[in-house]
Each structure stands twice: as structure tokens, then as C-alpha cells.
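Presented below is the structure to which this report refers.
The values are calculated or read from the model by the stated rules, or taken from the named source; none is laboratory data. Not measured: the values here are computed from a predicted model. Positions of Cβ are backbone-derived with ideal geometry, glycine not excepted, and every protein chain shown enters the neighbour counts. These accessible areas exclude ligands, DNA and RNA; they are computed on the full protein's heavy atoms, side chains included. Shrake-Rupley method; radii C 1.70, N 1.55, O 1.52, S 1.80 Å.
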Amino acid sequence: MKRFFKTIICLLSFLLISSLALTGGTVFASTSINNVNANEAKLNVKAAITIDQKTGEVLYAKNAAKALPIASMSKLITIYLTLQAIKNGKLSWNQKLTPTKNIVKLSNNSDYSNVPLQEKHQYTVKQLYEASLIESANGAVMMLAQAVYGSQENAVNQMRTLLKKWQINGAQIYTTCGLKNGEVGSDAYPGAGKNVENEVPAVGVAKIVDHLLTDYPEVLSTSKLAELDFKDGSTVTKMKNWNWMLKGLSQYDSEYPLDGLKTGTSEKAGACFAGTLKYKGRRLITIVMGAKHVDGTDPSRFVQTKKMLDYVYSNYQLYIYKKGAQLANLKGVKVADGNQKISNLVVKKDSGIWQKTSSTGKLTFSKSEIEAPIKKGQLAGYYLFTNNPSIYSSKGTKLAATVRENIDQANIFVRIWHLFFK
């Protein structure tokens, strides 16, 4: 009889847990990130986005979910894969590489951004990496891709796999450098038209930058360099960073102390720019796509980036929530099978949330209830600022929460009672 009773309890417990797992707790409405404050700061670009890297909060967005050409911002994906290969021991900084005939030909085409490479000459991985980030050298970044994956086709396939892993929707990748498929000669992606080019939504580019900065923050030590020499034997090519917002270059402004990251330009893409800077102790990521591009002297992409940052600076405040703080409008949550029915929630660790100065934040919790036992300091769930769109969650910006005190599990008789009569 006892065995029968235990079996019934286990079965009912399984059904209850399964039900909770399927429903996923409280259901929240999706928070759109395609357009956020777009009507308030009218940027003259096809798409744009600004996010806080740590929280994923979207502070501004215009057409951010629409896939558009990204030109040489594509190199950021190849750079990520290069740094990954170095970390995994597949490449080393001092390793010397020799360009293929096709890459040599492309690197000496003055229509494209390049450092000129020579047949049978060897170049270190570090040289090619620096040229890719600073001069946006197409031949150099193609050499890096070739070294890791053996061919441009294999490298493109890996780029596609990476973006899918990062849940970047709508992306189309054909070249490792960002040129049109037909512009890379015999390295064109097979089965694709000559005029196709890489496309990624602005929110996708923001995710690419976020992954790069999170996994390989050392990239900033190179991307912040305004100038550098590329040495090839007795030949020296003076490289000047296309990011004119860096200190020492024409669009530098101390209000916007950018230390990265990458421009991109093509006839179809217009002028694009992925930037990043520290503001109020937080790292912001900015993306503009399809800015005006009259000629090589047009600073429009940087002007629009400043305009977007001006909007953020003027309309947002960073609110710091200290570890152990109790948020006034969401104090407690129900406890399942606990020795108390309601538990007080507190902030798990020091965190910051951006809030518009003209609005009040909406706050809820990620679960309808938590299960005992649970200890103070253990993750209980997340505060959700549901009117703060995030690139990481459709439910809003998350802030980790814990319980204010340890909660033990109720005794077996109480749990059985709850099982049948809850």
C-alpha cells in the first residue's frame, strides 16, 4: 500500500513539474527592437541601433531588424574566427602566411581598400590582423580566413554557422571581406550571383560586436589605433584608420571617446559604421547603416553616430541597483513547497539599468513562483524591465534576483497537502 501511495505521489509530482516546464511560468508580451525612439531622434540612415553591451538594452533603434548590406563590417566576423583560431592553437601571431595569386591580384586593386601584397612574400598573422582592422584590407582578411579554413568557401560556411549559433536572423553571407561575390575573383562563393553581397540586420551587427568584445576584448587595443605602418620588406604602407572618430583623426570629439571598431562602405550599403565607447562606466555599441556617402571625404556616418549618442546622452539616466537592494514595486514572489508562502526578492549583484528621464519603468518577475529550498545569493529568477527592449530577450531587460533569506522546504506532510489541494 505504501509503495502504491508513493507511486501516485511521484506520478502527480512529475505531471505538475512537466506542466510548469511547458508553460515556462509567466507569459510576457514580446518587446519589439525594430524601432525604439526612432521618431524622436530622426537619423538620416537606413538603419541604426545603440545598445548597452552588459545588459543588451536597446537605447535607440531604427529599422534594426531589417537585413541590409554591411560591406566591410563583415570583417568583424572573420576577425572573431581568427582570434578564436589563435586561442585554440590553430594559428599563432608570428605564424607566416603566403597569399594566393587571386588574393595578390585583389590586394593590388586600387578600387578596394587594401595593403598591397606580393606573390611569394610572407606576412605574419599579426600584420594581416592589424591591416584588416585598421586599413580594412580585403586581401589581408581573406588571407586570415584562408589560413584557418583552407578556402574562402569553407570560411564563409563557418561564418554562416556562427551567425546561426548567435541567433542572428536574416543574415546572408557570401564573402569573408564584405566585397560583392563577383569582386573576389576565383574566390567567389559557388552557386551565388556575382552581385550578391553580405547582409545582416543592424541588431545582428550589434550582436556580432557584442560577442567579439565579450570573448576577445583585446581587439580594442588594435581598433583604437589611428595609424600604423604595414611593412613588407623595404616597402612601408602607411595605414590610416577609417574610423575618423578616433583621437587624432578628423571626426574626433572628446564627448565621444570611441576606441573601435569598424567601418563599411559599398554602393549598395552606403556608409556603415560599428562603433563602441565607454560612457558612465558602461560600454555602448553603436551601429549605423546606409548613411550618405558622396565620396571618400564624406563624414556622414560619424555625424549620424554622434547624433544618436547625443540622443542617448540627453534622454537616458543610468540607475544603479546595489546588491541586496529591494525594488519597491516588486518585493515578493510566491514560493512552492516552502516553509513560507512568499519570499522577499532582492538584487543578486550590483547592476545598472538605463531609464528614460521622461518615463517610468515597468517591472515584473520572470517566474510565477519559485521552488524551495533556495538559499540567499542563489539565482531565483530575473527582474524584467518590460519596457526596456533587449537584444538578448523578447521579455525586456533582465536583472538577476535572489531571495532575501534562506528558504527551507516545507515538511513532507505539507508538500503532500499542497500536491492534492493547492
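Quick one: helix 300-315 against the long Cα principal axis of the chain, what's the angle to the nearest 10°, folded into 0 to 90?
20
Using the Cα centre of segment 229-380 as the reference point, and only Cβ charges (+1 on K/R, -1 on D/E), how large is the resulting charge dipole? Debye, rounded to the nearest 20.
Working: 26 positive and 13 negative charges, 146 e Å.
So the dipole magnitude of segment 229-380 works out to roughly 700 debye.
Report, for segment 287-409, the % of DSSP beta bridges that are antiparallel, rounded to 5. Intermediate values should be presented prior to the final figure.
Values: 22 of 25 bridges.
Looking only at bridges with both residues in segment 287-409, the antiparallel portion is about 90 percent.
Compute the long axis of helix 138-149 from its Cα atoms, compare it with the longest principal axis of the Cα atoms of the chain, and write down the angle in degrees, 0 to 90, nearest 10.
The angle comes out at about 60 degrees.
In nm, to one decimal, how far is the Leu330 label point from the Glu119 one, both placed 7 Å along Cα→Cβ?
6.5
In whole percent, and with a 1.4 Å probe on the protein chains, what portion of the accessible area of the chain is carbon and sulfur?
On the way: 10290 of 20180 Å².
Taking all protein chains in place, the chain shows 51 percent carbon and sulfur surface.
Only bridges whose two residues both fall in the chain count here: according to DSSP, what percent of them are antiparallel, nearest 5? Walk me through the numbers before you get to the answer.
Numbers: 62 of 65 bridges.
Restricted to the chain, the bridges split so that about 95 percent are antiparallel.
Report the residue, chosen from Ala188, Ala372, Ala155, that carries the largest GNM mean-square fluctuation when the chain is represented by alpha-carbon nodes joined by springs under 10 Å.
Ala372
Return the subset of Lys238/Lys278; Lys165/Lys240; Lys165/Lys356; Lys247/Lys322; Lys341/Lys367; Lys75/Lys120 for which the Cα-Cα distance in this structure is over 26 Å, preserving the input order.
Values: Lys238/Lys278 28 Å; Lys165/Lys240 34 Å; Lys165/Lys356 32 Å; Lys247/Lys322 34 Å; Lys341/Lys367 15 Å; Lys75/Lys120 24 Å.
Beyond 26 Å between Cα atoms: Lys238/Lys278; Lys165/Lys240; Lys165/Lys356; Lys247/Lys322.
Counting only the backbone N, which residues of segment 263-293 are under 11 Å from the spot 7 Å out from the Cα of Glu40 toward its beta-carbon?
none
If you place +1 on the Cβ of every Lys and Arg and -1 on the Cβ of every Asp and Glu, how big does the dipole about the Cα centre of the chain come out, in debye to the nearest 20?
Around 1680 debye, computed over the chain.
What are the aspartates and glutamates whose alpha-carbon lies under 15 Å from the alpha-carbon of Lys180, with same-chain residues fewer than 8 places away excluded?
Reachable aspartates and glutamates: Asp111, Glu153, Glu197, Glu199, Glu267.
Between the helical axis of 75-87 and the dominant principal axis of the chain, each derived from Cα atoms, what acute angle in degrees is found, rounded to the nearest 10?
Around 70 degrees separate the two axes.
Using a 7 Å offset from the Cα along the Cα-to-Cβ direction at both Arg404 and Tyr319, what is the distance between the two label points in nm, to one decimal?
Distance between the two pseudo-spin positions: 1.9 nm.
More than 16 angstrom separation, counting every C-alpha pair in segment 353-406; what % is that?
On the way: 680 of 1431 pairs.
Within segment 353-406, distances greater than 16 Å cover 48 percent of Cα pairs.
Compare Ala274, Ala48, Ala336 in a GNM of the chain, Cα atoms joined below 10 Å, and give the one with the largest fluctuation.
Maximum fluctuation in the GNM of the chain, among the listed residues, is at Ala336.
So what is the relative contact order for segment 226-310, in percent, with contacts set as C-alpha pairs under 8 Å and at least six apart?
Working: 136 pairs, mean separation 15.6, N = 85.
Averaging sequence separation for qualifying contacts and normalising by length gives 18 percent for segment 226-310.
Could you state, as a whole-number percent, how many of the C-alpha pairs of segment 202-289 are farther apart than 18 Å? Write out the running numbers ahead of the final one.
Values: 1877 of 3828 pairs.
Counting every Cα pair in segment 202-289, those more than 18 Å apart make up 49 percent.
Pop a pseudo-label 7 angstrom from the Cα along the beta-carbon direction at both Glu218 and Asp253 and give the gap in nm to one decimal.
A separation of 3.4 nm, rounded to one decimal place.
Along the charge dipole of segment 276-338, which of Ser300, Gly290, Gln317 sits closest to the positive end, that is, farthest toward it, with unit charges on the beta carbon of Lys, Arg, Asp and Glu (+1, +1, -1, -1)?
The listed residue farthest towards the positive side: Gln317.
Counting only heavy atoms of the protein chains, get the accessible area per residue of segment 103-200 (1.4 Å probe) and round it to a whole Å² value.
Numbers: 4080 Å² over 98 residues.
In whole numbers, segment 103-200 has 42 Å² accessible per residue.
Please work out how much accessible surface Arg160 shows to a 1.4 Å probe, ignoring ligands, DNA and RNA, in Å² rounded to 10.
80
Per residue, how much space in cubic angstrom lies within the convex hull of the C-alpha atoms of the chain?
Numbers: hull volume 70.9 nm³, N = 422.
Convex hull volume per residue, Cα atoms: 168 Å³.
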